[in-house]
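Every read-out reported here was derived from the displayed coordinates using simple, explicitly stated rules and does not represent laboratory data. Quantities reported herein were computed from a predicted structural model and do not represent experimental measurements. Virtual Cβ from ideal backbone geometry, glycine too; neighbours counted across all protein chains shown.
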């Protein structure tokens, strides 16, 4: 089993499904009010170079529920913000805490941090991947659908870190994935090439309705991610027609479910009616960040 949780492609399907099994156990215990201090006396250092709501709250609350402590560290108030090399940060933190969660821009920085640390490192988000969110998404699907590996998934919108993570998931778990993006906004070329070489069941299109037709799971994200705010107007024009709305949901499977990792720009990439409608499991998905990440931390740190 891997020391770190940096990308889904680093882990086997069996090991990821063990995390799902532990997630179910921990969620049931939390709902029943049963203590589960698997990380009693442990400390998680949380490094943030990007702003956050769900990542910070879910990891911090998760460590508390596991009996441990989470320490919030912003780059603006630490030596990272003044140029300290990340390898030095990793070496020092390895002597203070029991695990590190980092939310930053560069995947390469996260991988360097993991190489230089003697403790587990968890990728809380980079511009390349968002593996914790993807695990919460799949776990949510498994709660609402039987045999989640046999379903057809559809990603509509930007070929961003979530799209890359869905491609990795399709490769690891073996399900069918359709990715619909505007021309020029495709997922990372290396990620697509690796999946294709390994025989992943992933197809790419510029037609969102073709991708959504008969799909069991529809998924999207904001059109302009953090750091792309200056592209907002350009992206709104480019992504016209890629909104998850009632018309697009109507061509999917009648019992389809809709995911969004949040925050959502309502009535932009997804309509208010859909996110509040009967197909949406968006807030179950958001809750499951807590439960899945507890299972990841317990797996790596106990």
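Each residue in 269, 143, 276 was given a count of other beta-carbon atoms within 10 angstrom of its own, and listing them fewest first yields 276, 143, 269.
Residues 192, 46, ranked from the fewest to the most other C-beta atoms within 10 Å, line up as 192, 46.
Segment residue 196..residue 13, full-extension length gain: 64.1 nm, with 0.36 nm per residue of separation and the alpha-carbon distance subtracted. Computed over region 183-302, relative contact order equals 25 percent, with contacts defined as Cα pairs under 8 Å that lie 6+ residues apart. With 0.36 nm allotted per residue and the present C-alpha distance subtracted, the residue 21-residue 273 stretch has 87.4 nm of extension available. Quick one: angle between helix 161-173 and the longest Cα principal axis of the chain, in degrees between 0 and 90, rounded to 10, please. For helix 161-173, the angle is close to 90 degrees.
For the chain, the longest principal axis of the C-alpha atoms and the axis of helix 282-301 are separated by about 40°. Per-residue ellipticity at 222 nm computed for the chain from its helices equals -12500 deg cm²/dmol, with DSSP H segments shorter than 4 residues left out and the rest contributing -39,500 (n - 2.57).
Express the Stokes-Einstein translational diffusion coefficient of the chain in µm² s⁻¹, to the nearest whole number, given a Kirkwood radius over alpha-carbon pairs, 20 °C and a viscosity of 1.002 mPa s.
D, rounded to a whole number, is 109 µm²/s.
Residues 115, 178, ranked from the fewest to the most other C-beta atoms within 10 Å, line up as 115, 178.
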